[in-house]
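Peer 1: One structure is given below, represented as structure tokens, and several questions about it will come after.
The values are calculated or read from the model by the stated rules, or taken from the named source; none is laboratory data. These numbers come from a predicted model, not from an experiment. We place every Cβ from the backbone using ideal geometry, glycine too, and count neighbours over all the protein chains shown. With ligands, DNA and RNA removed, areas are computed over all heavy atoms of the protein, side chains included. Shrake-Rupley method; radii C 1.70, N 1.55, O 1.52, S 1.80 Å.
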Amino acid sequence: LYVKSILNSDVVIATSSLVKEDVKKLGYEGKIFIVNPGISKEFLTTPIKRERKSIVKLGYIGRLDSERKNVIRGVRVFKKLRENNARFELWGSYDPNSEIFKEIKKEVEEDPRIKIMGPAPDDKLIEIYDSFDALFFPTKEEGFGLPIVEAQARGVPVIVFKDARIPQEVCELCLKIDDELPSLDDILSFGEKYGEKLREKASKFSLENFIKEMVTTYNNIM
């Protein structure tokens, strides 16, 4: 029904270049406009300047027990790190009875550097991002990738897998890896070098720009 609805539409508004590509693969021949979602202005406020600390914290925010989010792969890759001062915080909802979560929990219990934190409260989200030295986002695929933009808006570098399907406009400035994380020093250096550039890039995905683009798109359609 979903596919049939798309194919029978006169116009499609896609959230990213990747979604546009997928719609075309369905055989859709109509007009496709891209309007990227926006983040609230709170994410674009100036973060507190980061100082290098003895503990380097990577974080993840998203559903833990989703196969698409691929958290288990991220956990296993993190465990390859030999540095004892590395930490990996997993923030997000989960079903404790799901097989995926049980597998994650088993892996986490073998490494005290990894912590399952539970859901990230909306009013603490910016504070959580600001506590990360990097966001490790092991997703297989994203229609847009809001956590990536939110993290970059705070000047936090984002690590993704090279084989992940993420829109180019979102992951252009991400650290892309195969199955091994960069050294902690390389991650910190990347954040220090490109933090402002990340924030500048993320500012283009503001809620104000989203509204303007949506209005312009509807005017073009009409």
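Peer 1: Restricting the range 83-112 to residues that are without any contact (Cβ under 8 Å) to a residue 24 or more places away in the chain and part of a loop (DSSP other than H, G, I, E, B), which is nearest to Phe161 (Cα to Cα)?
Peer 2: Going residue by residue through the range 83-112, those that are without any contact (Cβ under 8 Å) to a residue 24 or more places away in the chain are 96-97, 99, 102, 105-106, 109, 112.
With part of a loop (DSSP other than H, G, I, E, B) added as a condition, the list becomes 96-97, 112.
Details: Pro96: 26, Asn97: 27, Pro112: 24 Å.
Once the filter is applied, the top-ranked residue is Pro112.
Peer 1: Listed residues Lys124, Lys80, Lys115; which is within 24 Å of Leu188 (Cα to Cα) and assigned to a strand (DSSP E or B)? Spell out the reasoning first.
Peer 2: Working: Lys124 fails: assigned to a strand (DSSP E or B); Lys80 fails: assigned to a strand (DSSP E or B).
It is Lys115.
Peer 1: Further question: Here's a check for you: in the range 51-74, which residue that is among the aliphatic types (A, V, I, L, M) and assigned to a helix (DSSP H, G or I) is surrounded by the most Cβ atoms within 10 Å (Cβ to Cβ)?
Peer 2: At the first step, the residues of the range 51-74 found to be among the aliphatic types (A, V, I, L, M) are 55-56, 58, 61, 64, 71-72.
Remaining after also requiring assigned to a helix (DSSP H, G or I): 71-72.
Details: Val71: 29, Ile72: 19.
For the range 51-74, the residue satisfying everything is Val71.
Peer 1: Restricting to the range 175-222, give me the number of residues that are of a type in the set (Phe, Trp, Tyr) and over 20 Å from the mean Cα position of the chain (by Cα). Quick ask: steps written out before the conclusion?
Peer 2: Going through the range 175-222, the residues of a type in the set (Phe, Trp, Tyr) turn out to be 190, 194, 205, 210, 218.
Imposing the further condition that a residue be over 20 Å from the mean Cα position of the chain (by Cα) reduces the set to 218.
Residues in the range 175-222 being of a type in the set (Phe, Trp, Tyr) and over 20 Å from the mean Cα position of the chain (by Cα): 1 in total.
Peer 1: Moving to a separate point now. Would you call Gly92 buried (at least 18 other Cβ atoms within 10 Å of the Cβ) and either touching a Ser or Thr at 6+ places or on another chain (Cβ under 8 Å) or not aliphatic (A, V, I, L, M) (or both)?
Peer 2: Working: buried (at least 18 other Cβ atoms within 10 Å of the Cβ): yes; either touching a Ser or Thr at 6+ places or on another chain (Cβ under 8 Å) or not aliphatic (A, V, I, L, M) (or both): yes.
Criteria met by Gly92.
So that you can scan it fast, the table gives a plain yes or no per residue for (1) under 30 Å from Ala151 (Cα atoms); (2) among the aromatic types (Phe, Trp, Tyr); (3) open to solvent by less than 90 Å² (accessible area, probe 1.4 Å):
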| position | (1), (2), (3) |
| --- | --- |
| Ser5 | no, no, yes |
| Asp10 | no, no, no |
| Ala14 | yes, no, yes |
| Ser17 | yes, no, yes |
| Pro37 | yes, no, yes |
| Thr45 | yes, no, yes |
| Lys49 | yes, no, no |
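Peer 1: Could I ask something else about it? Yes or no: Asp133 more than 17 Å from Asn70 (Cα to Cα), of a type in the set (Asp, Glu) and touching a Gly at 6+ places or on another chain (Cβ under 8 Å)?
Peer 2: Values: more than 17 Å from Asn70 (Cα to Cα): yes; of a type in the set (Asp, Glu): yes; touching a Gly at 6+ places or on another chain (Cβ under 8 Å): yes.
Answer is yes for this residue.
Peer 1: Now, a different point. Tell me whether the range 150-168 contains one or more residues that are within 27 Å of Asn85 (Cα to Cα), among the polar types (S, T, N, Q), at pLDDT 95 or above and under 11 Å from the mean Cα position of the chain (by Cα). Write out each step before concluding.
Peer 2: Of the residues in the range 150-168, the ones within 27 Å of Asn85 (Cα to Cα) are 150-162.
In the following step, the residues that additionally are among the polar types (S, T, N, Q) were identified as 152.
Narrowing further to those that are at pLDDT 95 or above: 152.
From the residues that got through so far, the ones that are under 11 Å from the mean Cα position of the chain (by Cα) too are 152.
For the range 150-168, residues within 27 Å of Asn85 (Cα to Cα), among the polar types (S, T, N, Q), at pLDDT 95 or above and under 11 Å from the mean Cα position of the chain (by Cα): present.
Quick grid of which residues meet (1) touching a Leu at 6+ places or on another chain (Cβ under 6 Å); (2) part of a loop (DSSP other than H, G, I, E, B); (3) buried (at least 18 other Cβ atoms within 10 Å of the Cβ):
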| residue | (1), (2), (3) |
| --- | --- |
| Tyr129 | no, no, yes |
| Pro138 | no, yes, yes |
| Glu150 | no, no, yes |
| Met214 | no, no, no |
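Peer 1: For residues in the range 164-197 being open to solvent by less than 40 Å² (accessible area, probe 1.4 Å) and of a type in the set (Gly, Ala, Ser), which is nearest to Val56 (Cα to Cα)?
Peer 2: Gly191
Peer 1: Please count how many residues of the range 157-171 are assigned to a loop (DSSP other than H, G, I, E, B) and in contact with a helix residue (DSSP H, G or I) (Cβ under 6 Å, 6 or more places away or on another chain). Write out each step before concluding.
Peer 2: Step one: list which residues in the range 157-171 are assigned to a loop (DSSP other than H, G, I, E, B), which gives 157, 162-164, 166-167.
Filter once more, so that each one left must be in contact with a helix residue (DSSP H, G or I) (Cβ under 6 Å, 6 or more places away or on another chain): 157, 167.
Total satisfying the criteria: 2.
Peer 1: Turning to a different aspect of this structure: Could you please find all residues in the range 1-39 being within 26 Å of Tyr129 (Cβ to Cβ) and either part of a strand (DSSP E or B) or at pLDDT below 95 (or both)?
Peer 2: As a first pass, look at the range 1-39 and keep what is within 26 Å of Tyr129 (Cβ to Cβ): 15-19, 34-39.
Once the filter is applied, which keeps residues that are within 26 Å of Tyr129 (Cβ to Cβ) and either part of a strand (DSSP E or B) or at pLDDT below 95 (or both), the range 1-39 yields Ile34, Ile39.
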